[in-house]
1. Under a cut-off of 19 Å between alpha-carbon atoms, report the aspartates and glutamates in cross-link reach of K137, not counting same-chain residues fewer than 8 places apart.
2. Of K172/K245; K209/K288; K40/K100; K265/K299, which pairs sit farther than 32 Å apart, going by alpha carbon to alpha carbon?
3. Distance between Cα centroids, segment 356-392 to segment 7-26: provide it in whole Å.
4. Which length gain, in nm to one decimal place, applies between R60 and T200 when the Cα-Cα distance is subtracted from 0.36 nm times their residue separation?
5. Say each of A297 and T153 gets a label point 7 Å from the Cα, pointing the same way as Cα to Cβ; how far apart are those two points in nm?
6. When only C-alpha pairs under 8 Å and at least 6 residues apart count, what is the relative contact order of the chain, in percent?
7. Which is farthest toward the positive dipole end of the chain among P38, H124, Q231, measuring Cα position about the Cα centre, with Cβ charges +1 (Lys, Arg) and -1 (Asp, Glu)?
8. Run the numbers for S357 and T380: contour at 0.36 nm per residue of separation, minus the present Cα-Cα distance, in nm.
Amino acid sequence: MHTDARTIPDQSLIEGDICIIGAGAAGISIALEWLNTPYKIILLEGGGFDYEPRMQDLYRGKTTGQRYYPLESARLHYFGGTTGHWAGFCSPLEPIDFEKRDWVPHSGWPIQRADLDPFYARAHKNLELGPYEYDAKYYEEQDPSLVPLPFNTDVVYNKMWHFSPPTRFGTKYRDDIINAPNVHLYTYANVCNIQGNENTSAIKEVTVKNFAEKTHTVRAKYFICACCAIQNARLLLASNRQAPKGLGNDNDLVGRFFMEHLEIKSAELWLEKNDPLKLYMIDYGKTKYRAELAISAKKQRELKILNGTSSLTPLEIARQQPAFIDIWTADKAKREKGMANFDVKAKKNEHPNGYNSYQLFTRIEQAPNPDSRIMLDTETDELGMPRGMLHWELTPLEKTSIRKIYETIGQQAGMA
């Protein structure tokens, strides 16, 4: 069932069993789990069913520290969320990512990778990813043309990634959500405040607003924030009427330890002769899986570095690839035209027999850093909510790790 929150009477009361805040990949996936159950599910989406610049502007904010994307470009603000421009790149975290590592301050999770495996397998269905299989040998046996680089896998192994079509949740699951009798989707319902009970030990209700100047109250037994890392923290910090520091922020941890996929292009791999390296290549819209070079857990412990991978892009193509952080614009047409122009150039430079030089695009985890954080700005958005402000800060461990990853891959290439 779908309701446009702009069309119902001002100060309406909406009630249900479970309220999900945010209808992106996470929010829609959660709602799908509750289809056709006895429970009344309230799914709140701030935007509508399509991209709108005015709506997207609600995510605008400031950044300091390490250069970052404009905050309004980090997530899309309409039904389906960021799956609307997502490329579909997926791979599970590695077991070492969950471990307490003595060389990584603040590391260690309360769960293990094995705890997530059943949920990863279920997510594969929603994302149309195919079998939950990430062993490179499984794919090499199916296709003999997928020849791995001759590296010692105890040092550098092939980490597999799957590609979703990509699944656009806003299109793929729109009818399932709207037609579900127990799921009540409200669009144009921006949550601007969370109200707790008397001692803020549980959530009582949330306030939603929209550009039609209407305000509504949503009450439920349970609430789930599924707005993305930046917006979840912003919402909790802005809900400060009962708790001056923000809800759940008694220990000043909400918004801290902000992490991103730290990406850098700064190495090249040169071969004696042309090689298509088919196992490692990507053709957007066609590739279903590929490998990246990854440092083994054993080697990470030896070198005391962070986990990371390196993908390979033909150097002729990579040199023409624009920096994504520089091409973002609020104008969707211009943004898509810029990417399309690159795709055309890439196709023109394709060689059927492969290349003898490749660029390494390295993506690593960040060391948990409490000074890398999301805060509130003094400026408010059009609905009166304080805008988010991100201070992104790295540590020396990221730089050391990137350097040692390249050195390790280089040593393996030299011995091959």
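Any read-out appearing in this document is the output of simple, stated calculations on the displayed coordinates, not a laboratory observation. Computed from a prediction, not measured in an experiment: that's the story for all the values here. Counting neighbours? That spans all protein chains shown, and the Cβs are built from the backbone with ideal geometry, glycine included.
1. The qualifying aspartates and glutamates are E94, D154, E292.
2. Violating the 32 Å Cα-Cα cut-off are K172/K245; K209/K288; K40/K100.
3. If we compute the Cα centre of each part, the gap is 28 Å.
4. Details: separation 140, 0.36 × 140 = 50.40 nm, distance 2.89 nm.
Length difference between fully extended and current span is 47.5 nm.
5. Distance between the two pseudo-spin positions: 1.6 nm.
6. Details: 811 pairs, mean separation 95.9, N = 416.
That works out to 23 percent.
7. The Cα lying farthest towards the positive end belongs to Q231.
8. Value of the extension gain: 3.4 nm.
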